[in-house]
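One structure is given below, encoded as structure tokens.
Each reported figure results from applying straightforward, stated rules to the coordinates on display, with no laboratory input. Not measured: the values here are computed from a predicted model. Here Cβ is always computed from backbone atoms with ideal geometry, including for glycine, and neighbour counts include all displayed protein chains.
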Amino acid sequence: MPELPEVETVRLGLAKHVIGKKIRKIQVHHSRATAPKSLAPLTSLAGAKIKGVSRRGKFLWFDLDRPEVLVAHLGMSGQFLISKASEMPQRHMRVRIDLGRMELRFIDQRTFGWLAVENTAEGVPTSASHIARDPFDSEFDLDVCVARFMAKRTEIKRALLDQEVISGVGNIYADETLWRSKVHPETRCEKMKPAKVREVILNATKVMREALAQGGTSFDELYINVNGESGYFERSLAVYGREGESCPKCHSAIRRIRFANRSSHFCPKCQPRPRA
DNA sequence: AAGGTCTCCTGAGGGC
DNA sequence: TGCCCTCAGGAGACCT
């Protein structure tokens, strides 16, 4: 499940391979691979030169030698692979972008990912313009972010996943962040102290930085194992996906609850439920 | 208006 | 073995 560290790992890998390359041709193999909001068919980008690869939160985009950008969101299972043109098409290959000596392929099993041609405003594509800056952004403002959390009339876990409050955090890092912060996922934002909210944001930043550092080392030909089978990253998780296993801090059994239409993993002792 | 829920999708895994 | 059910979740549409 690509969250900020995984998307940043992909961005770094893409930047290494595709900057300066000219898009010769684009083939689209699945209708859902092009977002409905795309201004034009992806094939219209033939002839464009890739000038850079940018990111905000989980949104990724290719800057081109024209005003439009090619935006990508990996969704649940999207991957970019650098392949030789002669290489057999991968299962679930949705788009192939001919870059001359190499090919950039978009592979996506669950088809929640998409590509789109979009305009930008202040350098940010339309689809990402409403989301908050992520904590890796040089202009990320911690105080502003704390204020956005405090203004939310909802639980901290929901706010962490709200890309308009803080971007880049997904279910895995949200759970890890709350465990590190010793905060129960259902704690109401408005009942938290600003200093605690600040701590949560800093822990989110920290856990994602640590994951990025590990993601960088396991990066192999732009391949990110979305099923977590490579293990390097999974090993450092304290609570996510560890229901029934012991908390690394206190050895209590990790619990899982259904919440906000997804799973939340937490330690019942380190992260006690707040009083009603 | 803002918060909460539903929906899109595929494959894995469990139960019987 | 095969069939049906549940689960995984990012983000936007939709409802209240």
(request) Report, in debye and to the nearest 20, how large the dipole of chain A comes out about its Cα centre when Lys and Arg carry +1 and Asp and Glu carry -1 on their Cβ. (result) 560 debye
(message) If I take the Cα coordinates of region A:46-167 and project them onto the principal axes, what are the three extents in Å, biggest first?
(response) 53, 31, 19
(request) For A:Asp63, list long-range residues whose amide hydrogen, built 1.01 Å from N in the peptide plane, is under 5 Å from its own amide hydrogen. (result) A:Lys51, A:Gly52, A:Val53, A:Ser54
(request) Identify, among A:Met88, A:Ala151, A:Ile201, the residue whose Cα sits farthest towards the positive end of the charge dipole of chain A, taking +1 on the Cβ of Lys and Arg and -1 on the Cβ of Asp and Glu, with the dipole about the Cα centre. (result) A:Ala151
(message) For a protection proxy built on the mean count of beta-carbon atoms within 10 angstrom, sort A:66-73, A:194-201 highest first, please.
(response) A:66-73, A:194-201
(request) Mind ranking A:173-183, A:264-274 by how tightly packed they are, going by the mean number of other C-beta atoms within 10 angstrom, highest first? (result) A:173-183, A:264-274
(request) Would you mind computing, in nm to one decimal, how far apart the modelled labels at A:Arg275 and A:Ser236 are, each placed 7 Å from Cα along Cα→Cβ? (result) 3.8 nm
(request) Rounding to the nearest 20 debye, state how big the charge dipole of region A:142-266 is about its Cα centre with +1 on each Lys and Arg Cβ and -1 on each Asp and Glu Cβ. (result) 760 debye
(request) Extending each Cα 7 Å along its Cβ direction at A:Ile19 and A:Ser31, get the distance between those two points in nm, one decimal. (result) 3.8 nm
(message) Beyond a 20 Å Cα-Cα separation, which of these cross-linked pairs lie in this structure: A:Lys152/A:Lys269; A:Lys206/A:Lys249; A:Lys157/A:Lys269?
(response) A:Lys152/A:Lys269
(request) Can you quote the Å³ per residue value for the convex hull of the Cα atoms in region A:1-107, rounded to an integer? (result) 96 Å³
(message) Can you bin every Cα-Cα distance in chain A into 5 Å intervals starting at zero and give me the percent of pairs per bin, rounded to whole numbers?
(response) 1, 6, 12, 16, 17, 15, 12, 9, 6, 4, 2, 0, 0
(request) For a label point 7 Å from the Cα of A:Ala85 along Cα→C-beta, name the residues of region A:10-25 whose backbone N is under 14 Å from it. (result) A:22-25
(request) Show the residues, 5+ positions off or on another chain, whose built amide H is closer than 5 Å to the amide H of A:Phe259. (result) A:Ser264
(request) Between A:Phe259 and A:Leu39, with labels modelled 7 Å along Cα→Cβ, what's the label distance in nm to one decimal, could you check? (result) 4.1 nm
